[in-house]
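*Asks:* One structure, as structure tokens, below. Some questions next.
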Amino acid sequence: MFEQLVEKLPVGIGIVDENFLVIYLNDFFRDRLPREYRNSYKDTPVTDIFSHQAKFLERRLKSVFVLQHPSFSYWEQRPHIFPFKSSRPITGEETQMYQNMEILPVKDKSTGRKYACIFLQDVTAQASYFRTQQKLSAALKEEHEAQRKLIHKLDTAQSQLIQAEKMASTGQLAAGIAHEINNPIGFINSNLDTLSQYANNLISICDGVENHVTDFNDEVKEQIKNLFEAQHYDLIKDDIEELLEESKAGLNRVKDIVDNLKQFSLDSTKGSQIVELNDVASQTIKLVSTQYASHHYKVESADEKIEIMANPGMIKQALMNILLNAAQAIPDKGYVKLSLLKNSENITIKVLDSGEGIEHKNMKRVFEPFFTTRPEGQGQGLGLSTAYTIIKKHKGKISINSKVGKGTVVTIELPITSKDNSATAPQ
Amino acid sequence: MSVVIPLDEEQRDALQELLNIAMGQAANSLAQLIETKIDISIPKITSVTPAQLYSLLFGSQDTFHTRQSFLGDIQGEVISVLSRSGLSEIAKLMDYSDPLSKEDVEEIILELSNILAGACLAGLSSQLELTTNLNMPTLFTPNKENFDELKWQHSLVMEVQFTVAVSSFSMRVVFCLDDDSLTRMKDTLDELLD
Ligand SMILES: Nc1ncnc2c1ncn2[C@@H]1O[C@H](COP(=O)(O)OP(=O)(O)OP(=O)(O)O)[C@@H](O)[C@H]1O
Ligand SMILES: [Mg+2]
């Protein structure tokens with residue numbers, strides 16, 4: 001009865017002797033034997049019948065006989081020891097049977113002879129499930145990674161939006177203030193002119209009195225002299241001119257700032273015309289390169305003519321600001337490259353420099369008005385915010401990428417508006 | 001921290017002696033199979049907390065781990081710690097050819113664990129005249145948190161290190177017994193001592 005049971009067990013059971021000759025195979029094995037061994041498997045080396053993994057089987061059988069200790073093999077490492085088909089050749093996903101194997105040492109009590117018993121388990125379903133699970137988990141992981149990236153992108157986009165929002169409001173405010181400041185600047189300027197005129201007149205009067213002091217009698221002479229001394233006339237005369245000069249210079253700087261700020265409120269539709277970007281690029285590069293002559297400059301363009309509808313002054317201004325930053329970022333010698341690219345919808349302008357780069361913590365702020373890392377008096381922090389506003393006005397995009405110690409790339413994308421607009425655009 | 005060893009001096013010595021013999025047999029088995037000389041350290045018997053066990057097993061880097069449970073008169077788990085270095089030389093001795101795939105490596109460490117743990121356990125059981133059966137080994141990658149959550153306070157561990165003479169390979173086999181088995185083993189040791 002036991003023999004019948006063993007015959008029918010849903011696991012493979014085989015017994016081999018110390019020479020690896022097959023003594024017994026149950027149905028599970030016999031049903032799957034290679035045709036030529038169906039009737040002659042007995043007393044044949046198991047490694048001949050299943051030559052596919054002969055070396056491995058031999059090694060494991062040897063170990064069992066020598067050590068008299070069971071040996072195990074798993075589908076994860078060695079899925080198909082015996083070349084058996086999956087038990088579901090039609091509906092299953094796997095074509096080959098996945099197997100776990102265990103070899104046990106056994107001893108015939110009556111003869112004392114040693115045998116090895118091979119148990120083979122069909123774990124195809126389990127393996128298939130496991131593998132599907134693994135694929136799923138890999139897919140999930142991938143998806144998760146993609147989501148993480150997306151969230152990161154959204155985060156950046158959001159902070160850029162906030163930035164843009166801030167820019168817009170600060171810009172408007174700045175433009176408003178600039179306008180208001182313009183009036184007082186105007187009269188301060190003309191008053192200063194008048195004042196310096198008046199000062200000159202007063203000085204001439206005093207000088208005249210001083211020159212003719214000998215014409216007065218001693219008492220008056222003494223009084224005049226005392227008066228001049230008490231009021232420190234010599235000092236005033238020296239200082240007054242300097243003070244006026246300095247005030248004028250200061251006022252000019254205020255005027256510059258205000259002019260820059262006014263860019264924010266400029267209406268870009270005014271002054272729109274066809275602009276050829278290759279020309280604009282090389283013109284601005286030329287200006288910057290004479291100022292910062294130690295660097296190497298290069299303009300790269302894919303097309304001979306790259307035309308857009310734009311305000312040429314503003315575009316030049318924007319490029320100028322960016323190129324200046326690039327040149328200023330290079331401490332000693334380096335290169336600045338401007339490249340122009342055109343496709344059917346966009347023009348991409350890239351300004352690349354080999355400068356010191358931008359620290360991560362500053363990346364979010366570089367477009368902010370008045371943000372500068374330059375020493376006091378050397379930068380207003382308006383270059384990039386002005387460029388930003390100009391590009392926005394032209395319905396374009398501007399972004400900046402940087403690696404500390406390596407350099408910086410500013411990328412501008414401008415949409416190509418159709419030429420028909422040029423007819424209606426005012427000169 | 002004082003380590004409580006739940007064995008008295010005499011029991012300990014007796015067990016030490018038995019382990020020496022059992023481990024020697026184990027080393028011989030492996031040596032026979034891969035035809036190389038194998039050295040063993042003097043087996044260490046200690047009582048550990050989960051945290052101590054963790055650092056005992058996973059203190060060194062660049063190691064593989066497997067675990068196997070055994071049932072029978074005494075029960076517990078064997079954890080093997082195998083060095084990464086020298087593994088490819090052992091693989092050659094075991095008839096694997098370069099380059100080793102990930103699966104080859106896994107198979108080799110499972111097989112080595114099974115042989116050594118099996119031989120040690122068989123030796124120990126026969127010395128103590130107990131019957132035990134070793135289950136199949138599996139790969140083991142634990143993390144510290146899981147060890148902190150273990151329910152037991154102290155466990156007796158028996159540890160032995162094997163080194164293969166011609167390579168930089170070494171391997172530690174650590175036996176951990178549960179409380180019942182410890183009592184059972186103490187009784188058996190007492191019987192042997194009488
Ligand atoms: N190409 C660049 N490389 C490194 N840092 C840059 C670059 N472009 C801009 N920056 C950083 O961004 C800051 C802001 O630039 P922005 O042009 O707006 O102002 P600024 O150059 O400081 O002053 P200015 O108003 O004179 O242009 C700079 O101070 C500088 O730190
Ligand atoms: Mg600037």
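*Asks:* Based on this model, can you work out whether residue B:62 counts as more than 14 Å from chain A (Cβ to nearest Cβ), on the phi > 0 side of the Ramachandran plot, free of Cβ contacts under 8 Å to residues at least 60 places away in the same chain and surrounded by fewer than 18 Cβ atoms within 10 Å (Cβ to Cβ)?
*Replies:* In short, yes.
*Asks:* Then there is this: Residues of the stretch B:72-93 being within 14 Å of chain A (Cβ to nearest Cβ), open to solvent by less than 20 Å² (accessible area, probe 1.4 Å) and hydrophobic (A, V, I, L, M, F, W, C), which ones?
*Replies:* B:78, B:90, B:91 - these are the residues of the stretch B:72-93 that are within 14 Å of chain A (Cβ to nearest Cβ), open to solvent by less than 20 Å² (accessible area, probe 1.4 Å) and hydrophobic (A, V, I, L, M, F, W, C).
*Asks:* A follow-up question, please. Yes or no: residue A:350 over 21 Å from residue A:285 (Cα atoms) and touching a Leu at 6+ places or on another chain (Cβ under 9 Å)?
*Replies:* Considered against the rule, which asks whether it is over 21 Å from residue A:285 (Cα atoms) and touching a Leu at 6+ places or on another chain (Cβ under 9 Å), residue A:350 comes out as no.
*Asks:* Of all residues in the stretch A:74-95, which are open to solvent by 40 Å² or more (accessible area, probe 1.4 Å) and away from chain B (no Cβ under 14 Å)?
*Replies:* Selection gives A:83, A:85, A:87, A:88, A:89, A:90, A:91, A:93, A:95.
*Asks:* Moving on. Within the stretch A:317-329, take every residue that is open to solvent by 10 Å² or more (accessible area, probe 1.4 Å) and either out of contact with any strand residue (DSSP E or B) (no Cβ under 6 Å at 6 or more places or on another chain) or outside the structural domain of residue A:359 (by TED's automatic domain parsing) (or both) and give me the one that is farthest from ligand 2 (Cβ to nearest atom).
*Replies:* Residue satisfying both the conditions and the ranking: A:317.
*Asks:* Residues being part of a loop (DSSP other than H, G, I, E, B) and within 8 Å of another protein chain (Cβ to nearest Cβ): count how many of those fall in the stretch B:94-111.
*Replies:* 2
*Asks:* Of all strands (runs of 3 or more DSSP E) completely enclosed by the stretch B:1-93, which ones contain at least 2 residues that are of a type in the set (Phe, Trp, Tyr)?
*Replies:* Per the criteria, B:63-72.
*Asks:* Exactly one condition in (1) touching a residue at least 12 places away in the same chain (Cβ under 8 Å); (2) within 13 Å of another protein chain (Cβ to nearest Cβ) is not met by residue A:49; state its number.
*Replies:* (2)
Here is a yes/no grid of residues against (1) free of Cβ contacts under 8 Å to residues at least 40 places away in the same chain; (2) more than 13 Å from ligand 2 (Cβ to nearest atom); (3) farther than 25 Å from residue A:413 by Cβ:
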site	(1), (2), (3)
A:348	no, yes, no
A:353	no, no, no
A:356	no, yes, yes
A:360	no, yes, no
A:363	yes, yes, no
A:367	no, no, no
A:371	yes, no, no
A:380	no, no, yes
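*Asks:* Specify the residue that is surrounded by the fewest Cβ atoms within 10 Å (Cβ to Cβ); the eligible residues are those in the stretch A:373-402 that are within 9 Å of ligand 1 (Cβ to nearest atom) and assigned to a helix (DSSP H, G or I).
*Replies:* Applying the filter and picking the extreme gives A:384.
*Asks:* Take the residues of the stretch A:172-208 that are among the hydrophobic types (A, V, I, L, M, F, W, C) and free of Cβ contacts under 8 Å to residues at least 12 places away in the same chain: which is nearest to residue A:224 (Cα to Cα)?
*Replies:* Top of the filtered list is A:205.
*Asks:* To continue, here is another question. Every residue in the stretch B:112-135 that is open to solvent by less than 10 Å² (accessible area, probe 1.4 Å) and either within 11 Å of chain A (Cβ to nearest Cβ) or not in a helix (DSSP H, G or I) (or both), please.
*Replies:* Result: B:112, B:113, B:114, B:115, B:116, B:117, B:118, B:120, B:121, B:123.
*Asks:* Condition first: open to solvent by 80 Å² or more (accessible area, probe 1.4 Å) and within 15 Å of ligand 1 (Cβ to nearest atom). Can you find one or more residues in the stretch A:261-271 that meet it?
*Replies:* For the stretch A:261-271, residues open to solvent by 80 Å² or more (accessible area, probe 1.4 Å) and within 15 Å of ligand 1 (Cβ to nearest atom): absent.
*Asks:* Just checking, does the stretch A:243-250 include any residue being open to solvent by 80 Å² or more (accessible area, probe 1.4 Å) and not charged (D, E, K, R)?
*Replies:* So far as the stretch A:243-250 goes, yes, one or more of its residues are open to solvent by 80 Å² or more (accessible area, probe 1.4 Å) and not charged (D, E, K, R).
*Asks:* Let me ask something else about it. Of a type in the set (Lys, Arg), at pLDDT 90 or above, open to solvent by 60 Å² or more (accessible area, probe 1.4 Å) and within 16 Å of ligand 1 (Cβ to nearest atom) - does that describe any residue in the stretch A:403-416?
*Replies:* Yes, the stretch A:403-416 has at least one match.
Yes/no matrix, rows are residues, columns are (1) open to solvent by 30 Å² or more (accessible area, probe 1.4 Å); (2) of a type in the set (Gly, Ala, Ser); (3) more than 26 Å from residue A:105 (Cα to Cα); (4) touching a residue at least 24 places away in the same chain (Cβ under 8 Å):
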{"site": "B:110", "(1), (2), (3), (4)": "no, no, no, yes"}
{"site": "B:141", "(1), (2), (3), (4)": "yes, no, yes, yes"}
{"site": "B:174", "(1), (2), (3), (4)": "no, no, no, yes"}
{"site": "B:185", "(1), (2), (3), (4)": "no, no, yes, yes"}
{"site": "B:188", "(1), (2), (3), (4)": "no, no, yes, yes"}
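*Asks:* Restricting the stretch A:300-316 to residues that are open to solvent by 60 Å² or more (accessible area, probe 1.4 Å) and within 17 Å of residue A:410 (Cβ to Cβ), which is farthest from ligand 2 (Cβ to nearest atom)?
*Replies:* Of everything passing the filter in the stretch A:300-316, A:300 is farthest from ligand 2 (Cβ to nearest atom).
The values are calculated or read from the model by the stated rules, or taken from the named source; none is laboratory data. Just so we're clear, the structure is a prediction, and the values are computed from it rather than from any experiment. Here Cβ is always computed from backbone atoms with ideal geometry, including for glycine, and neighbour counts include all displayed protein chains. Remember, those area values only see protein heavy atoms, side chains included, never the ligands or the DNA or RNA. Shrake-Rupley method; radii C 1.70, N 1.55, O 1.52, S 1.80 Å.
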